[in-house]
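Readers should treat all values here as calculations from the given coordinates under stated rules, not as data from a laboratory. The shown structure was predicted, so the numbers you read here are calculated from the model rather than taken from an experiment. We place every Cβ from the backbone using ideal geometry, glycine too, and count neighbours over all the protein chains shown.
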Amino acid sequence: GAAHYDVRLTVGEHAELNWLPEQLVTAYGSELRMRTHVELAATGRLTLREEQILGRHGEESGTLFTRLTVLRAGRPLLDQELAYGPGAPAGWDGGAVLGGHRAVGQLLLAGPEFEEKPAVPRLLGESAVLTPLAGPAVLITAVAPDALRLRRVLDEALDTSAYR
């Protein structure tokens, strides 16, 4: 059967949370359903990183289903479902999704400062993109051939002060 990994986070008024867990590796033969649910107050700030490594070095990926739901002041800010591996719908490893890469990750940056100065969508190098969300937040999505390069891309995006 499948394993489940559920995380619930709450960020109160004028609070800040930096949720930067370690990389998640989906080993061959595994099936994981991962859910992250965040309740963010209107004046709260959130930095959330997710990194998925699809298979250990030299082996195929397991199956991974993820859902990230972020509510800001009770309203949806982001609700995203992703699926990778042999149990996922066809095309997950094709050019339109991962393009053959084995590591995928994202950074969500949310806070009141994005209301005052919304971010502009843009590419970040060759393997990442910054997308402003409908609310006061940006989502940075990246792919890479391996875990180390994915971490470098996301760390570089996080260290760039232009987003905050």
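Quick look at the numbers
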item	result
Likely footprinting exposure, Trp19, Trp92, fewest C-beta neighbours within 10 Å first	Trp19, Trp92
DSSP beta bridge pairing in the chain, given as percent antiparallel to the nearest 5	55
Cβ crowding within 10 Å averaged over residues, with 46-58, 126-138, 69-81 ranked highest first	46-58, 126-138, 69-81
Relative contact order (%) - criterion: Cα under 8 Å, at least six apart; region: the chain	19
Helical contribution to [θ] at 222 nm, DSSP H n ≥ 4, -39,500 (n - 2.57), averaged over the chain, rounded to 500	-3000 deg cm²/dmol
Which of Leu17, Leu150 has the fewest Cβ neighbours within 10 Å, and the rest in rising order	Leu17, Leu150
The chain: angle of helix 147-159 to the longest principal axis, Cα-based, in degrees nearest 10	10
Bins of 10 Å, starting at 0 and running to the largest distance - Cα pair percent for the chain	10, 39, 36, 14, 1
Label-to-label distance, nm, for residues given as Arg33 and His14 (7 Å Cα→Cβ offset)	4.1
Net dipole in debye of the stretch 3-163 [+1 Lys, Arg Cβ; -1 Asp, Glu Cβ; about Cα centre; nearest 20]	120
